[in-house]
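Engineer: The following block contains the structure, expressed as structure tokens.
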Protein chains: 2
Amino acid sequence: MSAPTWSLQCSACGTSASVENASVCQACHQPLFATYDPVAAGTPLGSRWDMWRYAPFLPLLEGEIPVSLGEGLTPLIESPTLAAAVGVRRLWIKDEAQNPTGSFKARGMSAAVTRARAARVPGLVVPTAGNAGAALAAYGAAAGVPVRVYAPATTPRPILDTIEVMGAELIRIDGHIGDAGKLALAFAAESGYVPISTLREPYRVEGMKTMGFELVEQLGWRVPDVVVYPTGGGEGTVGIWKAINELVSSGWLPGETRQPRYLVAQAEGCAPIARAFAAGTEKADPWVDPVTHAAGLRVPSPLGDRLLLRVMRETDGLAGTASEDAIREWTRTLAVKTGIDAAPEGGCGLSVLRDAVASGAVQGDAEVVLFNTGSGASYRV
Amino acid sequence: MSAPTWSLQCSACGTSASVENASVCQACHQPLFATYDPVAAGTPLGSRWDMWRYAPFLPLLEGEIPVSLGEGLTPLIESPTLAAAVGVRRLWIKDEAQNPTGSFKARGMSAAVTRARAARVPGLVVPTAGNAGAALAAYGAAAGVPVRVYAPATTPRPILDTIEVMGAELIRIDGHIGDAGKLALAFAAESGYVPISTLREPYRVEGMKTMGFELVEQLGWRVPDVVVYPTGGGEGTVGIWKAINELVSSGWLPGETRQPRYLVAQAEGCAPIARAFAAGTEKADPWVDPVTHAAGLRVPSPLGDRLLLRVMRETDGLAGTASEDAIREWTRTLAVKTGIDAAPEGGCGLSVLRDAVASGAVQGDAEVVLFNTGSGASYRV
């Protein structure tokens, strides 16, 4: 195979790492980031109808065929009705439900499994709050790589069923994704399976970047004022931020481009990032007894807390929370007013946006993009 | 608004009809077809990431913005593993699960609701075996047009839930889609709502055509040997066939291009088209007591029977059936070997293909495209 066009460095301390079989930084245990040979502005993008259209910016060897199920190139749907309902000038929904297995997690797994297959791993293991497990099961099946998933028994049943349908090994646990993570690491140590939890594995966030590329291209190569991201592990926001940085530094966006403000939306019953951001701390304390029906938001102690909080500080970011009732109400509003089959996470984002507009934290003349991270159908039990 | 670039004629007797508020042919009650001003070969296609990329071939007025939720541009995924399992040279899956509300029905509803909105209808009503109702509910919500859906109470619950989540009126009935159709027509007559059941409304099949355009473009502007389509109402096959005819007649495909052979896959418990095709009749008798867990195939008396049977005869077509157990087995095989979240309809298609190869009806050197018409998640009850 040809030489990689990227290298890996720690996102915090800059220490280098090998490009295959990498995990977190050996020196400081923070997430690794890929850095690429420059992609000259105007380089033709691919003609594929999936996220690998942006292959020059992605960890793919020359001639290598990615493990793909059609992830990405999701629609960006403008809704004047919803914009009026929350009080902003323009509002678009980026509908990530239209990915394989119905969530944005497909993007990260397409990239991660492509690299894992190249590294000839014996198997992959992941802890999940829900959708990441279903996505990994699908990409493992596509690549012929064995998969084991640790998931809370409270995960919505359609998601657990998807994991099993794909032939993955599903371990249902009492507890939350943090507990699942410990079991996954223990299993990895004894089996040789590679753990690929959020930001512990460096390529999932590379797949997430494609949401940023798409967003910018769909808006006509410009950025919105605000990006609302329902946040569990944080890889979505970090990915979009990284994509926009790369577009600016390589000349695809003007040098004076400012990052959008990232509005991190969490559930009242599990809001470690919102709490830490309000307190102005550099890292987030674990959330005790996380509870929310928006399964993807039930992440009490994300590994990427420092990185995400740094991104929020650097971009004049925001955070907010929604109650379980508000999540339900705004999930329904999203569906009825747009026809988008919104996941509770999308409803949480909409509720938090509405509150941020009402309080004046987001201005009424803003152009806003809200991510609906998954499919409502996955939560209907 | 500008003048339409299309007209409507009966697919059977050629009688003309008005382009708005049209139903079946007034003279012979067969489906109407749209005919377009020629689209010169090489005319630039749109840059949209949805089926409206093919707008020059679709019923859209100049400057009109379609009612869109990101339908179409679904992946075409080649699976050498699955090709080996069924015994053909090459096999691709066209994964229609990655549409809004998880099925190919989104395409037809995007086109039909766009025209219905232009005609300022008071509401839309549809009988459904499942996915068409969910799709109409979503596009009705997107367009702000009231929707009523008549569905068998036995329809998988995730699909019924989607209909209600979108704010549509759902009437659960005892019986099958044929019974639902009678109730829908009676309600339409008293309410003024417009009925848009399969091939009774002329624009749904125009949306279905885009599967044919995409398939041909994804294969590099050529057609496969065989298209396997799990068949209820028949609009998928008819749409693809119409698309390829239009590409040939307008010079996008060479004049000597032959249509693919269409392999119509049905369930043993509801196989009116397969039975009629085997008997060599011009129309299909209604199937008594239709039973299958592949809800989309439970269509005992499709309105498009004559048209579909004609397409099959003209293209050296084929038909076959699968038992409930075979549908389950091959649905699982499809998921495990590819990572595609297959609906039972997709599994039915795979089973029927395997049998057709085993019997020699489809040759081992064939290049085959199988449509997975919906998402497995929609059937997990």
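The values are calculated or read from the model by the stated rules, or taken from the named source; none is laboratory data. Since this is a predicted model, take the numbers as computed values, not measurements. Note that we place each Cβ from the backbone using ideal geometry, even for glycine, and neighbour counts take in every protein chain shown.
Engineer: Conditions first: (1) crowded, with 21+ Cβ neighbours inside 10 Å; (2) in a loop (DSSP other than H, G, I, E, B). A:ASP316 passes all but one, so which condition is the exception?
Structural biologist: Of the numbered conditions (1) crowded, with 21+ Cβ neighbours inside 10 Å; (2) in a loop (DSSP other than H, G, I, E, B), the odd one out for A:ASP316 is (1).
Engineer: Considering only residues that are without any contact (Cβ under 8 Å) to a residue 60 or more places away in the chain and more than 9 Å from chain A (Cβ to nearest Cβ), which ones fall in region B:84-100?
Structural biologist: B:ALA84, the sole residue that qualifies.
Engineer: Among the residues of region B:358-381 satisfying the criterion of being part of a loop (DSSP other than H, G, I, E, B) and aliphatic (A, V, I, L, M), which is farthest from the other protein chains (Cβ to nearest Cβ)?
Structural biologist: Just the residues of region B:358-381 that are part of a loop (DSSP other than H, G, I, E, B), to begin with: B:359-366, B:373, B:380-381.
Applying the additional criterion that residues be aliphatic (A, V, I, L, M) yields B:361-362, B:366, B:381.
Working: B:ALA361: 29, B:VAL362: 25, B:ALA366: 23, B:VAL381: 9 Å.
It comes out as B:ALA361.
Engineer: From the list A:ARG115, A:ARG120, pick out the single residue that is of a type in the set (Lys, Arg), over 30 Å from A:ALA361 (Cβ atoms), buried (at least 24 other Cβ atoms within 10 Å of the Cβ) and more than 10 Å from chain B (Cβ to nearest Cβ).
Structural biologist: Exactly one of A:ARG115, A:ARG120 is of a type in the set (Lys, Arg), over 30 Å from A:ALA361 (Cβ atoms), buried (at least 24 other Cβ atoms within 10 Å of the Cβ) and more than 10 Å from chain B (Cβ to nearest Cβ), namely A:ARG115.
Engineer: Pull out all pairs, ordered by first then second residue, where Cβ-Cβ is under 7 Å, the residues are six or more apart or on different chains, the first lies in region A:336-355 and is away from chain B (no Cβ under 14 Å) and over 19 Å from A:PRO75 (Cα atoms), and the second is part of a loop (DSSP other than H, G, I, E, B) and not acidic (Asp, Glu).
Structural biologist: That search, which allows pairs on different chains as well, returns A:CYS348/A:ALA294; A:LEU353/A:VAL362.
Engineer: Moving on to the next point. A:PRO300 - would you say it is touching a His at 6+ places or on another chain (Cβ under 9 Å) and either in contact (Cβ under 8 Å) with a residue 60 or more places away in the chain or more than 30 Å from B:PRO158 (Cβ to Cβ) (or both)?
Structural biologist: The answer is yes for A:PRO300.
Engineer: Given the conditions (1) touching a Gly at 6+ places or on another chain (Cβ under 8 Å); (2) not in a helix (DSSP H, G or I), and given that B:ASP355 satisfies all but one, which numbered condition is not satisfied?
Structural biologist: Checking B:ASP355 against (1) touching a Gly at 6+ places or on another chain (Cβ under 8 Å); (2) not in a helix (DSSP H, G or I), the one that fails is (2).
Engineer: Then there's this: Have a look at B:VAL226, B:VAL238 and point out the one that is more than 14 Å from chain A (Cβ to nearest Cβ), farther than 20 Å from B:ALA106 by Cα and in contact (Cβ under 8 Å) with a residue 60 or more places away in the chain.
Structural biologist: Testing whether each residue is more than 14 Å from chain A (Cβ to nearest Cβ), farther than 20 Å from B:ALA106 by Cα and in contact (Cβ under 8 Å) with a residue 60 or more places away in the chain leaves just B:VAL226.
Engineer: Return the residues of region A:14-40 that are under 22 Å from A:VAL194 (Cβ atoms) and crowded, with 16+ Cβ neighbours inside 10 Å; say none if nothing qualifies.
Structural biologist: Selection gives A:ALA17, A:VAL19, A:ALA22, A:SER23, A:VAL24, A:CYS25, A:GLN30, A:PRO31, A:LEU32, A:PHE33, A:ALA34.
Engineer: While we're looking at this one, here's another question. From B:SER11, B:SER2, which residue is among the hydroxyl-bearing types (Ser, Thr, Tyr) and surrounded by 19 or more Cβ atoms within 10 Å (Cβ to Cβ)?
Structural biologist: B:SER11
Engineer: Scan region A:201-238 for residues that are in contact with a Gly (Cβ under 7 Å, 6 or more places away or on another chain) and either farther than 21 Å from A:PRO272 by Cα or surrounded by fewer than 24 Cβ atoms within 10 Å (Cβ to Cβ) (or both) and jot them down. Steps first, please.
Structural biologist: In the first step, residues of region A:201-238 are kept if they are in contact with a Gly (Cβ under 7 Å, 6 or more places away or on another chain); the result is A:204-205, A:207-212, A:214, A:228-230, A:232-235, A:238.
Passing the criteria: A:ARG204, A:GLY207, A:MET208, A:LYS209, A:THR210, A:MET211, A:GLY212, A:GLU214.
Engineer: Continuing with this model, one more query. Kindly indicate which of B:TRP330, B:TRP287 is without any contact (Cβ under 8 Å) to a residue 24 or more places away in the chain and crowded, with 18+ Cβ neighbours inside 10 Å.
Structural biologist: B:TRP287
Engineer: Quick one: would you say A:VAL311 is of a type in the set (A, V, I, L, M), part of a helix (DSSP H, G or I) and closer than 15 Å to A:TYR229 by Cβ? Before the answer, list the steps.
Structural biologist: Values: of a type in the set (A, V, I, L, M): yes; part of a helix (DSSP H, G or I): yes; closer than 15 Å to A:TYR229 by Cβ: yes.
Yes; evaluated as a whole, the condition is true for this residue.
Engineer: Can you tell me which condition B:TRP49 does not meet? The list is (1) part of a loop (DSSP other than H, G, I, E, B); (2) out of contact with any Asp or Glu (no Cβ under 9 Å at 6 or more places or on another chain), and all the others hold.
Structural biologist: All conditions pass for B:TRP49, except number (2).
Engineer: Test each condition in (1) within 28 Å of B:VAL145 (Cα to Cα); (2) within 11 Å of chain A (Cβ to nearest Cβ) for B:LYS105 and report the one that comes out false.
Structural biologist: (2)
Engineer: In addition: Taking B:VAL125, is it under 18 Å from B:LEU170 (Cβ atoms) and more than 14 Å from chain A (Cβ to nearest Cβ)? First the steps, then the outcome.
Structural biologist: Details: under 18 Å from B:LEU170 (Cβ atoms): yes; more than 14 Å from chain A (Cβ to nearest Cβ): yes.
The answer is yes for B:VAL125.
Engineer: If we keep just the residues of region A:62-75 that are out of contact with any strand residue (DSSP E or B) (no Cβ under 9 Å at 6 or more places or on another chain) and buried (at least 17 other Cβ atoms within 10 Å of the Cβ), which is nearest to the other protein chains (Cβ to nearest Cβ)? Give the derivation first.
Structural biologist: Start the filter on region A:62-75 by keeping residues that are out of contact with any strand residue (DSSP E or B) (no Cβ under 9 Å at 6 or more places or on another chain), which leaves A:62-67, A:71-73.
Those left that are additionally buried (at least 17 other Cβ atoms within 10 Å of the Cβ): A:66-67, A:71-73.
Numbers: A:PRO66: 12, A:VAL67: 8, A:GLU71: 8, A:GLY72: 10, A:LEU73: 5 Å.
Checking each candidate, the answer is A:LEU73.
Engineer: Name the residues in region A:324-352 that are among the small types (Gly, Ala, Ser), in contact with a Leu (Cβ under 6 Å, 6 or more places away or on another chain) and not in a loop (DSSP other than H, G, I, E, B), would you?
Structural biologist: A:ALA342, A:GLY346, A:GLY347, A:GLY349
Engineer: Of the conditions (1) part of a helix (DSSP H, G or I); (2) more than 22 Å from A:PRO344 (Cα to Cα); (3) not β-branched (Val, Ile, Thr), A:GLY296 clears all except one; give me its number.
Structural biologist: Evaluating A:GLY296 over (1) part of a helix (DSSP H, G or I); (2) more than 22 Å from A:PRO344 (Cα to Cα); (3) not β-branched (Val, Ile, Thr) leaves (2) as the failure.
Engineer: Within region A:270-293, identify whether any single residue is in a strand (DSSP E or B) and closer than 26 Å to A:TRP221 by Cβ, and answer yes or no.
Structural biologist: no
Engineer: If you take just the helices (runs of 4 or more DSSP H) that sit entirely in region A:161-252, which of them hold at least 1 residues that are over 21 Å from the mean Cα position of the chain (by Cα)?
Structural biologist: A:177-191, A:235-249
Engineer: Name the residue, out of A:ALA322, A:ALA335, A:ALA356, that is surrounded by 23 or more Cβ atoms within 10 Å (Cβ to Cβ), among the aliphatic types (A, V, I, L, M) and touching a Ser or Thr at 6+ places or on another chain (Cβ under 8 Å).
Structural biologist: Numbers: A:ALA335 fails: touching a Ser or Thr at 6+ places or on another chain (Cβ under 8 Å); A:ALA356 fails: touching a Ser or Thr at 6+ places or on another chain (Cβ under 8 Å).
Just a single option satisfies the conditions, and that option is A:ALA322.
Engineer: Which condition number in (1) modelled with pLDDT under 95; (2) acidic (Asp, Glu); (3) touching a helix residue (DSSP H, G or I) at 6+ places or on another chain (Cβ under 9 Å) is the one that B:GLU96 fails?
Structural biologist: Condition (1) is where B:GLU96 drops out.
Engineer: Further, regarding this structure: How many of the residues in region A:157-172 are more than 7 Å from every other protein chain (Cβ to nearest Cβ), crowded, with 19+ Cβ neighbours inside 10 Å and either in contact with a Pro (Cβ under 9 Å, 6 or more places away or on another chain) or among the acidic types (Asp, Glu) (or both)? Give the derivation first.
Structural biologist: Filtering region A:157-172 down to residues more than 7 Å from every other protein chain (Cβ to nearest Cβ) leaves A:157, A:159-160, A:163-164, A:168-172.
Checking which are crowded, with 19+ Cβ neighbours inside 10 Å leaves us with A:159-160, A:163, A:168, A:170.
Filter once more, keeping what is either in contact with a Pro (Cβ under 9 Å, 6 or more places away or on another chain) or among the acidic types (Asp, Glu) (or both): A:168.
So the count comes out to 1.
Engineer: So if I check each of B:THR101, B:THR128, B:THR43, which one is among the polar types (S, T, N, Q), modelled with pLDDT under 95 and surrounded by 19 or more Cβ atoms within 10 Å (Cβ to Cβ)?
Structural biologist: Criteria check complete, one pass: B:THR128.
Engineer: Specify the residue that is nearest to B:ILE340 (Cα to Cα); the eligible residues are those in region A:147-156 that are part of a loop (DSSP other than H, G, I, E, B) and either among the aliphatic types (A, V, I, L, M) or more than 11 Å from chain B (Cβ to nearest Cβ) (or both).
Structural biologist: The first filter runs over region A:147-156 and keeps only residues part of a loop (DSSP other than H, G, I, E, B), leaving A:153-156.
Filter once more, so that each one left must be either among the aliphatic types (A, V, I, L, M) or more than 11 Å from chain B (Cβ to nearest Cβ) (or both): A:153-155.
Values: A:ALA153: 24, A:THR154: 24, A:THR155: 21 Å.
For region A:147-156, the residue satisfying everything is A:THR155.
Engineer: Give just the number: which of (1) more than 15 Å from A:VAL228 (Cβ to Cβ); (2) touching a strand residue (DSSP E or B) at 6+ places or on another chain (Cβ under 7 Å) does A:VAL381 not satisfy?
Structural biologist: (2)
Engineer: Considering each of B:PRO290, B:PRO302, B:PRO286 in turn, give the residue that is more than 17 Å from B:VAL226 (Cα to Cα), in contact with a Cys (Cβ under 6 Å, 6 or more places away or on another chain) and either away from chain A (no Cβ under 14 Å) or at pLDDT 95 or above (or both).
Structural biologist: Exactly one residue qualifies, and that residue is B:PRO290.
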